[in-house]
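Let me begin by presenting the structure, written as structure tokens, before commenting on it.
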Amino acid sequence: MIPARGWLVVAIWAAFLALLYIAPVRAGEPVRLVVTLSCDDVRALDRMIGWDALEVRAKAAGASPVIIEQARKCLSR
């Protein structure tokens, strides 16, 4: 008979092997993150990469025109 600690070790190894099996399958799927930026963040990014590049990246990420306009208003404050 296997003691309780032995079953725990077997369960941990089984979970680890299952993760190793699943990871390559799931790795190819893109992940969509929703990021909220403050006005300070928008100003810092504007200084780093410029508004044109920031707007292009925001559109590529799927930002709506309303959100882009709100970010543009942050620069005028």
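Worth pointing out:
- Looking only at segment 48-68, residues that are surrounded by 12 or more Cβ atoms within 10 Å (Cβ to Cβ), of a type outside the set (A, V, I, L, M, F, W, C) and either at pLDDT 90 or above or not in a helix (DSSP H, G or I) (or both) come to 1 in all.
- For segment 2-13, the criterion of being of a type in the set (D, E, K, R), out of contact with any Leu (no Cβ under 9 Å at 6 or more places or on another chain), loosely packed, with under 11 Cβ neighbours inside 10 Å and modelled with pLDDT under 90 is satisfied by at least one residue.
The values are calculated or read from the model by the stated rules, or taken from the named source; none is laboratory data. Computed from a predicted model, the values in this text were never measured in an experiment. Here the Cβ is made from the backbone with ideal geometry for all residues, glycine too, and neighbour counts use every protein chain on show.
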